[in-house]
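The values are calculated or read from the model by the stated rules, or taken from the named source; none is laboratory data. What you are looking at is a predicted structure, and each value in this text was computed from that prediction instead of being measured. These accessible areas exclude ligands, DNA and RNA; they are computed on the full protein's heavy atoms, side chains included. Shrake-Rupley method; radii C 1.70, N 1.55, O 1.52, S 1.80 Å.
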Amino acid sequence: MVLLLAASLLGFSCNKEETLRPGFNMLYQQNFIIPVGISEFEVHHFQFDNIPTQYQQYLTQHKKTDGEITGVFTNKAAISGLFGDANLDFIDQVSIRVYDQANESDFIEIAYRYPVPLDPGNNLPVLPSLADSKRFFSQSRFAIDVVIWLRKPTTQESEVRIDLEMRATL
């Protein structure tokens, strides 16, 4: 009983901010449409090129230099319906990858979700990977590939947004 009480007190006293690595967050959003009638027998890629990283602006804002940044890691990622009416139950698996536009085969998976819950509703949290993606986010521009495997064909068009919160660590 005492052990249970001590464990619960330690758990409640932990502040999420204390568990983050020192650094700052960089936020990115991209809207896209998942069309109606796409097949569950194919892998679907939704690619976004030429996205500004705003890395230099983030460094200036936080009074840091590139040399002080030890890595860039995914803090949070999610896919959600724009208007709160999307049902993402057709998604079986998701992989979010960043890559260099000059070489699409040079990519890092920064978040994934497999398996996706059977009824995720309008918001699908995607699990951050442990990959350091500084080499992409420290450039002026980067590209994203949202890879989706379906469990069933889509029955309606879904307007969705990918939200990425990247953490530049010191």
Q) Between region 81-150 and region 26-49, what's the alpha-carbon centroid distance in Å? A) 9 Å
Q: Provide the gained length on full extension for the span Gln29 to Gln54, in nm with one decimal, where the gain is 0.36 nm per separating residue minus the Cα-Cα distance.
A: 7.7 nm
Q: Grab the Cα-Cα distance for Leu82 and Asp119, subtract it from 0.36 nm times how many residues apart they are, and report the gain in nm with one decimal.
A: 11.6 nm
Q: Using a 10 angstrom cutoff on alpha carbons, build the Gaussian network for the chain and name the most mobile of Gly71, Gly23, Gly37.
A: Gly37
**Q.** Mean separation of Cα contacts under 8 Å, 6 or more apart, over the residue count of the chain: relative contact order %
**A.** 42 percent
**Q.** Accessible area of the chain divided out per residue, in Å², using a probe of 1.4 angstrom
**A.** 57 Å²
Q: Using a 1.4 Å probe over the heavy atoms of the protein chains, calculate the carbon and sulfur portion of the accessible area of the chain as a whole percent.
A: 53 percent
Q | Extension gain, His62 back to Glu165 (0.36 nm per residue minus Cα-Cα distance, nm) | A | 35.5 nm
